[in-house]
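Asks: Please find one structure pasted underneath; my questions will follow.
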There are 2 protein chains.
Amino acid sequence: MRRGVIHEILFDAAWNHGQAELVSEEVRMAYAQAWERTVKAARAMRRIGIGRGDVIGILDVNSHQAFELQYAASLLGAIAHPLNFRLPAEHLVHTVRQGRDVILFANGAMAPLAEVLRPLVRHVVWLGETQSGQDDPASGHADFLYEDLLSNEEAGSTPEASVTDTDPYSLLHTTGTTGRPKAMRYRHRDIVQAPLQIAHHLALHETGAKLGTSDVVMPLIPFFHIHAWGVPIFAPYLGLKLVLPGKATPLEQVRLVHSEGVTWSNMVPTQLLMLLDAMRSHGETSVTLKVLTGGSQLPMGLASRAYEAGIRYSLIYGGSDQLGAAISVSSHTAGSRENLEALSSRLNPIPMVRVSVRGDDGRELPADSQSTGELWVESPWLPHGYLEDEMTTERTYVDGWFRTGDLAVMHPDGTFSVVDRVKDAIKSGGEWIIPSVLEAILSEIPEVRMAAVIGRPDERWGERPIAIIAADERVDKAKVETHLAKAVADGRLARFWLPDAIHWLRELPLTSAGKIDKVALRSAFLGAQGTGA
Amino acid sequence: MRRGVIHEILFDAAWNHGQAELVSEEVRMAYAQAWERTVKAARAMRRIGIGRGDVIGILDVNSHQAFELQYAASLLGAIAHPLNFRLPAEHLVHTVRQGRDVILFANGAMAPLAEVLRPLVRHVVWLGETQSGQDDPASGHADFLYEDLLSNEEAGSTPEASVTDTDPYSLLHTTGTTGRPKAMRYRHRDIVQAPLQIAHHLALHETGAKLGTSDVVMPLIPFFHIHAWGVPIFAPYLGLKLVLPGKATPLEQVRLVHSEGVTWSNMVPTQLLMLLDAMRSHGETSVTLKVLTGGSQLPMGLASRAYEAGIRYSLIYGGSDQLGAAISVSSHTAGSRENLEALSSRLNPIPMVRVSVRGDDGRELPADSQSTGELWVESPWLPHGYLEDEMTTERTYVDGWFRTGDLAVMHPDGTFSVVDRVKDAIKSGGEWIIPSVLEAILSEIPEVRMAAVIGRPDERWGERPIAIIAADERVDKAKVETHLAKAVADGRLARFWLPDAIHWLRELPLTSAGKIDKVALRSAFLGAQGTGA
């Protein structure tokens, strides 16, 4: 009897696509073998007392072991909890404490972080090939070695808890830019359906990140960000060769594309930039790759550069609190500026998802590409709320819909464009100023690597925009002002949108998810009075 | 809150693809309008006392009204029961009686059949534009006119029963070749998932019947055959223009392909033959069309002829008792004989489906393209058994698997080939003779339109094959024997497979599903002693 639970995906892959490969640093195995190891991992966990409902913390890069553990959790009816090792230690401790993780699987190279978490869990199991620099497991520093646990298991019956598709499967923490990470719980059916529908959407449409059954995929999005946007689920589902990059540097990622025949990857714009920079610094000019990107605005300069290097891409819209919602479908084969812009901004709802742009009164706004309101999303895989945060849940999940907190416009053809975060938008004299538009125009200046616009409290107007630009060298302020003035003359900017001040930094602060940390910028440029925005 | 029920598909289409067209004879409307009419149909039915769990009989060709009614049933939590008007009246009565249908929606042109069914139902509602030849509804012959019911409804709230995806949605009768039709019940999730996975499979693979978001689809498979293999579900899901052929003749179907820009259709091989014959008799040599075909063997002669006319196709494997299970994925761009043969025989399981070829002892046979056994299928949308037939259910649905009763071989690459029905296979001297192989070779003779091979009881060998060929004129027996002798010499046939007798008919008897009626052939050529086989 099929139950629509996570581990059926890998079992089916072993059955239907047993010879398709999983590559993870030095390790190379077939899905049939990955399934065998997963069964052993589940049996070993059960042997040390892990069972139904227990939360399993996984502190690792994208490795085959982290992949196996996510499926082994399903077999036991346990909860997979991929941990964000980029969080400040204090926040990481919060996530493990809030998750009530009972066991921690940790990459040996992350031993210092793991030691911080040790008091919170019953067992620590070390992943990775080497434990150099670690004390002897027998001394108490490590309870188990993962590979030892597996070696001790003989082939045998599969420990299959009678989980159903509405049972909880995983726990993930958001990486919000304000306050501590919030926890979301997902059911089996959520993490089965959302990744599969992403894959189906990418197969059905002519689009940059199109997927077919002959693709080779390499997720650069870490597992702890919404299960790497679903790749570890849909790769075995489609029988695709899966390349897990481990701790590969951007240059090594490019090498993997060539050596393993990778055709498809996912990454945030920052990673895309790093990849292109790594290529440039080694004299490589092109790489043939389909890329699904998202998580933050894709600056037009970066989009053009990627396009010229041979990268075809689509933009995904979603997040931990709604999973995947929409993907741009323009084919941008022509590569004209208009095509790239459409691709970067016009999003097409994934099948089964409904989107709605609503005014402050909750009423739907016309689909006229003009009326700006908050984007609401409804889908079969919406989580039901934040763990232990009823207030935010009630405010955010309304009548079965998720209020995204993003400002958007609907187009007449059913696509939509996100213009900015509601809380990042600036209200000046009663009118909206959309920082992302200003940021995109600032990014067109060749020297400007990144730009951020934030609202500064203003006695007369309520708020006024100020800009912070990142560049290797200080940029001539007159040059910036000329560029903005031209944008006003061309009708691309309203005059009252012009920033009151322009600041320069070598680097903009980023969150662990690679987004510009506007909280940090507000704190730095506006002082305490700005941080509550 | 999304519940994964049938009517959400059409609601989403109205929401996301509101302008996509539905064409049905003279009627042309957008999905948004079809949704409005569906809501009205549900409200009207509720008004006359139809509600949750009631079975709704639909006796119609593929029309927009039959389409609407299938969605309206979902809105009410009622059960859609598309009726097979090609069945003998006695069998049709059985299906309505067994279904306990409470209301009958009937095409005016099918009035004689509807009158036979009238005593079994509470209400009769007439579909279609005209009621010519019918008595006045007021006289008692007709309770309602469908369009009147809709006109009387004003726009208003949607009557949405709180159905969930595990509630029953539809009832269909198989068209078995032995005995009376058997009834299957499907849940909402079955009829949501199976059609969507068919569409996803066709989008993910390079294959003849590939689907994309710009296709225009015309189902020639009637709704009463497994919901037209899912087209009325996946067309709105993908926002595809849907052309419903009504009672169009094969020639009119070709005209619709041209006039409506149809790019994709489904049909059994017999319909494909009729379509090509209609083209030939009107001097048309080519039509560009992607076709999903199945339901019976596709003779190589027909496959070649279709290919030369510009038709690209894939073969689907499934049935009422298992829904869709597999689709061939060869792209056959080359059109060589080998490619066409692979396409006609090598089936690739639809994602989420597992197949297994097993010996008489239930043990799995090796995937060596040689070992022949019974095909077992497991999928998330398997029905749970036959209505009111526990014995057949127990024999057929075993440990969550469906025993197909088909003989098949597994290939090393995970595809499989169906060689024949278990019950049609002939055992001669302890060895299998596969009628379909013989039939395919006989069909290569230019004059032979169709061929059937059945087993004749034989004292010495147990069974021996005899062949019945259909041709316009009597075919020279020596010519047939020469062709078969060459096939033996070429190693395509074992000598002991040569039929003991060859009979000629102008037409072979067909079942209502368009398959060769071997029960009728056995009865005609073997007499009473052969019919129990």
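Just so it is clear, none of the values below were taken in a lab; they were calculated from the coordinates. Computed from a predicted model, the values in this text were never measured in an experiment. Positions of Cβ are generated from backbone atoms using ideal geometry, with glycine treated the same way; all protein chains shown enter the neighbour counts.
Asks: With a cut-off of at most 13 other beta carbons within 10 Å, and DSSP calling the residue loop, which trypsin sites (Lys or Arg not before Pro) in region A:203-274 qualify? Please list them. If you can, show how the numbers build up before the last one.
Replies: Details: sites: A:Lys210, A:Lys241, A:Lys247, A:Arg255; in loops: A:Lys210, A:Lys247.
Answer in residue order: A:Lys247.
Asks: Output the antiparallel fraction of DSSP beta bridges having both residues in chain B, as a percent to the nearest 5. Could you put the intermediate results ahead of the total?
Replies: Working: 49 of 89 bridges.
Counting DSSP beta bridges with both partners in chain B, the antiparallel share is about 55 percent.
Asks: Reachable aspartates and glutamates from B:Lys477, Cα under 19 Å, same-chain residues fewer than 8 places away excluded?
Replies: Those aspartates and glutamates meeting the cut-off are B:Glu439, B:Glu444, B:Glu447, B:Asp500, B:Glu507.
Asks: Given H placed 1.01 Å from N in the peptide plane, which residues other than close sequence neighbours of A:Val124 have an amide H under 5 Å from its amide H?
Replies: Counting only residues 5 or more places away or on other chains, the set is A:Leu104, A:Asp143, A:Phe144.
Asks: Got the relative contact order for region A:188-421 handy, in percent, Cα pairs under 8 Å and 6 or more residues apart?
Replies: Relative contact order for region A:188-421 comes out at 16 percent.
Asks: Report the rotationally averaged projected area of the protein assembly as shown based on its alpha-carbon convex hull, in square nanometres. Could the numbers behind the result be given before it?
Replies: Details: hull surface 188.5 nm².
Reported value for the Cα convex hull: 47.1 nm².
Asks: Given a Förster radius of 51 Å and the C-beta distance between A:Ser296 and B:Asp399 as r, what FRET efficiency does 1/(1 + (r/R0)^6) yield to the nearest 0.05?
Replies: Details: r = 49 Å, r/R0 = 0.97.
Rounded to the nearest 0.05, the efficiency is 0.55.
Asks: If R₀ is 22 angstrom, what is the calculated FRET efficiency for the pair B:Ser286 and B:Glu252, using the beta carbon separation as r and rounding to 0.05?
Replies: On the way: r = 18 Å, r/R0 = 0.80.
Once rounded, the FRET efficiency stands at 0.80.
Asks: If you count, for each residue, the other Cβ atoms within 10 Å and average over each peptide, how do A:311-321, B:211-221 line up from highest to lowest? Numbers along the way, then the final one.
Replies: Numbers: A:311-321: 24.4, B:211-221: 21.5.
Listed from highest to lowest mean packing, they are A:311-321, B:211-221.
Asks: To one decimal place, what orientation-averaged projected area in nm² is obtained for the convex hull of the Cα set of region A:389-497?
Replies: Numbers: hull surface 40.9 nm².
Directional mean of the projected Cα hull area for region A:389-497 stands at 10.2 nm².
Asks: Could you give the alpha-carbon Rg of region A:188-421 over 2.2 N^0.38 Å, rounded to two decimals? If you can, show how the numbers build up before the last one.
Replies: Details: Rg = 17.7 Å, N = 234, 2.2 N^0.38 = 17.5 Å.
In units of the 2.2 N^0.38 Å rule of thumb, it is 1.01.
Asks: On to the next question. Average partner chain C-beta neighbours within 10 Å, per residue of A:354-360?
Replies: Working: counts 6, 2, 1, 0, 0, 0, 0.
Going residue by residue through A:354-360 and averaging, the value is 1.
Asks: If you plug each phi of region B:362-375 into the Karplus form 6.51 cos²θ - 1.76 cosθ + 1.60 with θ = phi - 60°, what whole-Hz ³J(HN,Hα) values come out, in order, with x for Gly and Pro?
Replies: Karplus values, whole Hz, x for Gly and Pro: x, 8, 5, 8, x, 8, 10, 6, 10, 6, 9, x, 7, 7.
Asks: With θ set to phi - 60°, apply the Karplus curve 6.51 cos²θ - 1.76 cosθ + 1.60 along region A:263-278 and write out the HN-Hα couplings as whole Hz, x wherever there is a Gly or Pro.
Replies: 10, 8, 8, 10, 5, 7, x, 4, 5, 4, 4, 5, 5, 5, 5, 4
Asks: Across peptide B:196-207, what mean number of C-beta atoms from other chains lies inside 10 Å of a residue's C-beta? Working shown, then result.
Replies: Numbers: counts 5, 2, 0, 4, 9, 3, 2, 9, 13, 5, 3, 1.
Going residue by residue through B:196-207 and averaging, the value is 5.
Asks: Sort A:Thr288, B:Thr285, B:Thr174 by Cβ crowding within 10 Å, fewest neighbours at the top.
Replies: On the way: A:Thr288 12, B:Thr285 9, B:Thr174 19.
Listing A:Thr288, B:Thr285, B:Thr174 from fewest to most nearby Cβ atoms yields B:Thr285, A:Thr288, B:Thr174.
Asks: In region B:18-68, which GluC sites (Glu not before Pro) fall in coil by DSSP and have 14 or fewer other Cβ atoms within 10 Å? Intermediate values should be presented prior to the final figure.
Replies: Numbers: sites: B:Glu21, B:Glu25, B:Glu26, B:Glu36, B:Glu68; in loops: B:Glu25, B:Glu26.
Here the sparse-neighbourhood loop sites are B:Glu26.
Asks: Sticking with this one: Of all beta bridges DSSP finds with both residues in the protein assembly as shown, what is the antiparallel percent, to the nearest 5? Walk me through the numbers before you get to the answer.
Replies: Values: 98 of 178 bridges.
If we restrict to bridges inside the protein assembly as shown, about 55 percent are antiparallel.
Asks: Something else: Starting from the amide H of A:Asp458, placed 1.01 Å from N in the peptide plane, find each other amide H under 5 Å away whose residue is 5 or more places distant or on another chain.
Replies: When sequence neighbours closer than 5 places are left aside, the close amide H contacts are A:Glu463, A:Arg464.
Asks: Let me ask something else. Rounded, prolate or oblate: which one fits chain A, using the alpha carbon gyration tensor with axes a ≥ b ≥ c (rounded when a/c is under 1.5, else prolate when a/b beats b/c, else oblate)? Spell out each step's value before the answer.
Replies: Details: a/c = 1.67, a/b = 1.61, b/c = 1.03.
Here chain A falls in the prolate category.
Asks: What ³J(HN,Hα) values, in whole Hz, does the Karplus curve 6.51 cos²θ - 1.76 cosθ + 1.60 give for region B:435-449 when θ = phi - 60°, with x put for Gly and Pro?
Replies: x, 4, 5, 4, 4, 5, 5, 5, 5, 6, 5, x, 6, 7, 7
Asks: Amide H of B:Gly77 versus every other amide H placed in the peptide plane: which residues, excluding those fewer than 5 positions away on the same chain, fall under 5 Å?
Replies: For B:Gly77, the qualifying residues are B:Ala161.
Asks: With both partners inside region B:424-510, how many of the DSSP beta bridges are antiparallel, as a percent to the nearest 5? Don't jump to the answer; show the numbers that get you there.
Replies: Numbers: 13 of 18 bridges.
Around 70 percent of the beta bridges assigned by DSSP in region B:424-510 are antiparallel ones.
Asks: Here's something else I'd like to know. Lysines near B:Lys290 by alpha-carbon distance under 16 Å, same-chain residues fewer than 8 away left out - which ones?
Replies: B:Lys210, B:Lys241
Asks: Restricting to DSSP H runs of at least four residues, report the calculated mean residue ellipticity at 222 nm for chain A, -39500 (n - 2.57) per run over all residues, nearest 500 deg cm²/dmol.
Replies: Taking each H run of at least 4 residues, the total per residue is -9500 deg cm²/dmol.
Asks: Continuing with this model, one more query. Points 7 angstrom from Cα along the Cβ direction at A:His483 and B:Thr482: gap in nanometres?
Replies: Output for this residue pair reads 8.3 nm.
Asks: Just to be sure I understand the model, the point goes 7 Å from the Cα along the line to the Cβ. What's the resulting A:Val27 to B:Arg474 distance in nm?
Replies: 7.4
Asks: Are there any trypsin sites (Lys or Arg not before Pro) in region A:451-513 that are in a DSSP loop and have at most 12 other Cβ atoms within 10 Å? List them by number.
Replies: On the way: sites: A:Arg460, A:Arg474, A:Lys477, A:Lys479, A:Lys486, A:Arg492, A:Arg495, A:Arg506; in loops: A:Arg460, A:Arg474, A:Arg492, A:Arg506.
Those that pass, being in a loop and sparsely packed, are A:Arg460, A:Arg474, A:Arg506.
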